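Peer 1: Below is the structure I would like to discuss, written out as structure tokens.
All of the numbers you see were taken from the coordinates with simple rules; none came from a lab. Keep in mind the model is a prediction, meaning the values are calculated, not measured. A quick note on method: Cβ atoms are made from the backbone with ideal geometry, for glycine too, and the neighbour counts reach across all protein chains shown.
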């Protein structure tokens, strides 16, 4: 597609529920990144994919968070047993080259609200 | 510790006036520096970046930034702002092979007519 697409744009879920957030990167981009942006803060790195593999998942806050990219394109961020503190905007970005983390194109994000 | 500080949470500027947004960083290696803009309803967009070479870098939308190693700063400037520049601006730092950018908390730019 023309840009990075994230769905849904908004998600409201109850505490304890499971959610999936989808990211469709720019066609041909091999690198894909997930960030979390809390209110009044800059983005916080979660995980980086190079192709199908998670090259670095050190930013995932705990084992309730998991992400996949099975075919090296679309990625899904999965959050189990959601907590109110998980409420944030989840951003996805993609880039065409490795090691150029800043030269990435961002989606509009998914605003997750846990009630 | 590695960090990025944007000391101004909000800045209000009259349309047509000049703008400077401050960014200070702490980074243990050669920094790669970025400015992004986030407009309402839009994704983060890269304005400009500094990797090496000339310390004054030009970006899109008439923005420029100057890298000052001695001051650990990378301030963003624009000679004359337009109402469409109203947005939130983020400074970020990383290493050449480090995709894990460290981000500032952002500066919200408000334009007075």
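Peer 1: Which ordering of B:50, B:27 is given by a fewest-first count of other beta-carbon atoms within 10 Å?
Peer 2: B:27, B:50
Peer 1: Provide B:12, A:110 in ascending order of the number of other Cβ atoms located within 10 Å of each residue's Cβ, fewest first.
Peer 2: Starting with the residue having the fewest Cβ neighbours, the order is B:12, A:110.
Peer 1: Ignore the peptide's own chain and count Cβ atoms of other chains within 10 Å of each Cβ in B:34-41; give me the average, rounded.
Peer 2: 3
Peer 1: Could you pull the Rg and Dmax for the range B:41-88, using just the Cα atoms, both in Å?
Peer 2: Values for the range B:41-88 (Cα only, Rg and Dmax): 12.0, 37 Å.
Peer 1: Follow-up. What relative contact order, as a whole-number percentage, does the range B:25-113 give when Cα pairs under 8 Å and 6 or more residues apart are counted?
Peer 2: 29 percent
Peer 1: Shape verdict for chain A, please, from the Cα gyration tensor: rounded (a/c under 1.5), prolate (a/b greater than b/c) or oblate.
Peer 2: Here chain A falls in the prolate category.
Peer 1: Identify the residues of the range A:10-54 with backbone N under 14 Å of a label point that sits 7 angstrom from the Cα of residue A:80 along the Cα-to-Cβ direction, or state none.
Peer 2: A:16-20
Peer 1: Further question: Going by a ≥ b ≥ c, the root eigenvalues of the Cα gyration tensor, does chain B fall in the rounded group (a/c under 1.5), the prolate group (a/b larger than b/c) or the oblate group?
Peer 2: Judged from the Cα gyration tensor, chain B comes out prolate (a/c at least 1.5, a/b above b/c).
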